[in-house]
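Down below is the structure, laid out as structure tokens.
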Amino acid sequence: DYLGNIDQSLADMDRALMGLKDGGVTGLWDGTVGSFLDSMTGDPKETTRLLLQKLKVDDTLLRIAQTKGAISNKEMDLFMSPAPKVGFHDEEVWKTWINDRKVALQRIKARLTGGKQVVDDQQATQSQIRHGVQITRVK
């Protein structure tokens, strides 16, 4: 079940990257005025925008990875860093943000499926997990 959630997150990331490929989705004009027009006409770009807003790693995934020692403190910090804004940041910022998280999530998945752990002094701390859960709930 847990690995299925990771796989779903990775699939969502791939779908978002495909939606960003041709541009016209994010940024000041496309993410605001374009979003309004696209939502009125049912344009698939609006679906991509909604997917971008959804792309936050579930706090449950992070807590489980931490309890199994599969997430490093650097990966946890990456997941807790602010997300770009659809109406402000352009596609390149979003692509970088998604790809960085995708790589980290794939490493976490590999550790979980391989029964490996991050070295003790590099594991995410309970404080990071609690702080991450608070941030996720506030958003």
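The values are calculated or read from the model by the stated rules, or taken from the named source; none is laboratory data. These numbers were taken from a predicted model, which means no experiment stands behind them. Cβ atoms come from the backbone with ideal geometry, glycine included; neighbour counts cover every protein chain shown. In case anyone asks, the SASA skips ligands and DNA or RNA and just uses the protein heavy atoms, side chains included. Shrake-Rupley method; radii C 1.70, N 1.55, O 1.52, S 1.80 Å.
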Qualifying residue in segment 61-78 (condition: in a helix (DSSP H, G or I) and of a type in the set (Ser, Thr, Tyr)): yes
Selected residue [touching a helix residue (DSSP H, G or I) at 6+ places or on another chain (Cβ under 9 Å), basic (Lys, Arg), open to solvent by 70 Å² or more (accessible area, probe 1.4 Å) and at pLDDT 90 or above] from Lys45, Lys74, Lys95, Lys54: Lys45
Residue within segment 4-23 that is of a type in the set (A, V, I, L, M, F, W, C), closer than 30 Å to Asp120 by Cβ and modelled with pLDDT of 90 or more present: yes
Filter result for Gly23 (part of a loop (DSSP other than H, G, I, E, B), open to solvent by less than 50 Å² (accessible area, probe 1.4 Å) and not acidic (Asp, Glu)): yes
Which numbered condition Phe88 misses (of (1) over 16 Å from the mean Cα position of the chain (by Cα); (2) free of Cβ contacts under 8 Å to residues at least 60 places away in the same chain): (2)
Where a residue in segment 1-27 is under 15 Å from Ala110 (Cα atoms) and its partner, wherever it lies, is at pLDDT below 95 and charged (D, E, K, R), with Cβ under 6 Å and at least six apart: Ile6/Lys109
